[in-house]
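Student: Have a look at this one.
The values are calculated or read from the model by the stated rules, or taken from the named source; none is laboratory data. Computed from a predicted model, the values in this text were never measured in an experiment. A quick note on method: Cβ atoms are made from the backbone with ideal geometry, for glycine too, and the neighbour counts reach across all protein chains shown.
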Amino acid sequence: MRGALEHWPDEPQDVFLARSPRLRQTFETAYGRNASYMHGHHGNALLSRYPIIGPENRDISDHALEKRGLLHCVVKVGGLDVHCFVVHFGLLARSRERQLGALIDWVSHAVSGQAPLIIAGDFNDWRNRLSDRLCREIGVVEVFDAIRPQPEFVQRAAYFTRDRQPAIELPEALAVAGAPRMVRTARTFPALVPWFRMDRIYQRGFRVNAARVLGGIEWARLSDHSPLVADLELVYPGA
């Protein structure tokens, strides 16, 4: 890209974005390289207004054709350690299931059950097969699910219909008696006309004040995925 575009910056993209003259302050950055090739490399990055401590990037590639990784950072916010995971899962369903297992295992061993937690990135989970397990096993909530909770009567109606017409096949999350309701996520791909639910922000220990998708031609020029923005308010212990 540096040779193809005039005035292309010499510094890495995460550093360039963190020091943009339009920002009120400089952000700290952490970057985990997942793949290298002739004209550059790509990976996961985190930008933070708060101090970043001990970033660690792990290779969770499931096969040679897709390089995938998990970036973990501890961010110091008001004296608390907020654990942040940036993810990029694979295109194959079996790969995503194994990569989710690696994420859950890492969180379970590295993060206290009471610690604030944010997990965000491209899950490539357009069929919504991963959310229920992730929410159940480590106690997180997807931000769009938090601000637009599905009414309980919808699930009751689904079970009512199933019991009277057994031939009707219900969504997997409703097909098991006692299963939690389906997690609601945002449509982010393709950016110009978002339809598939690919990207997620999960959290624990925060109050979700707002969540939205940034749409429009200007955003579509920057990426084939629409950005997600969430307003999270840290809930301090005992507050």
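Student: Restricting segment 119-133 to residues that are among the hydrophobic types (A, V, I, L, M, F, W, C) and either crowded, with 21+ Cβ neighbours inside 10 Å or more than 15 Å from residue 204 (Cα to Cα) (or both), which is modelled with the highest pLDDT?
Tutor: 119
Student: While we're here: It is to be established whether one or more residues within segment 190-201 are closer than 18 Å to residue 83 by Cα and under 13 Å from the mean Cα position of the chain (by Cα).
Tutor: Scanning segment 190-201 turns up at least one residue that is closer than 18 Å to residue 83 by Cα and under 13 Å from the mean Cα position of the chain (by Cα).
Student: Kindly indicate whether any position in segment 187-200 is of a type in the set (Val, Ile, Thr), in contact with an Asp or Glu (Cβ under 6 Å, 6 or more places away or on another chain) and in contact (Cβ under 8 Å) with a residue 12 or more places away in the chain.
Tutor: yes
Student: Additional query: Being aliphatic (A, V, I, L, M) and modelled with pLDDT under 70 narrows it down to one of 65, 17, 46, 23, so name that one.
Tutor: 23
Student: Could you tell me whether any residue of segment 99-118 is over 14 Å from the mean Cα position of the chain (by Cα), surrounded by 13 or more Cβ atoms within 10 Å (Cβ to Cβ) and free of Cβ contacts under 8 Å to residues at least 12 places away in the same chain?
Tutor: There is at least one residue in segment 99-118 that is over 14 Å from the mean Cα position of the chain (by Cα), surrounded by 13 or more Cβ atoms within 10 Å (Cβ to Cβ) and free of Cβ contacts under 8 Å to residues at least 12 places away in the same chain.
Student: Among the residues of segment 215-231 satisfying the criterion of being under 15 Å from residue 121 (Cα atoms) and either aromatic (Phe, Trp, Tyr) or surrounded by 15 or more Cβ atoms within 10 Å (Cβ to Cβ) (or both), which is modelled with the highest pLDDT?
Tutor: 230
Student: Among the listed residues 196, 153, which satisfies the condition of being of a type in the set (Phe, Trp, Tyr) and at pLDDT 90 or above?
Tutor: 196
Student: Among the numbered criteria (1) modelled with pLDDT of 75 or more; (2) among the polar types (S, T, N, Q); (3) buried (at least 19 other Cβ atoms within 10 Å of the Cβ), which one does residue 34 miss?
Tutor: Unmet condition: (1).
Student: List the pairs whose first member sits in segment 134-160 and is crowded, with 18+ Cβ neighbours inside 10 Å and of a type outside the set (S, T, N, Q), whose second member is modelled with pLDDT of 60 or more and part of a loop (DSSP other than H, G, I, E, B), and whose Cβ atoms are under 7 Å apart, counting only residues at least 6 apart or on separate chains?
Tutor: Note: pairs meeting the criteria are 134/140; 142/183; 142/185; 144/184; 144/185; 144/186; 145/183; 145/184.
Student: Would you tally the residues in segment 188-214 being of a type outside the set (A, V, I, L, M, F, W, C) and buried (at least 17 other Cβ atoms within 10 Å of the Cβ)?
Tutor: Selection size over segment 188-214: 9.
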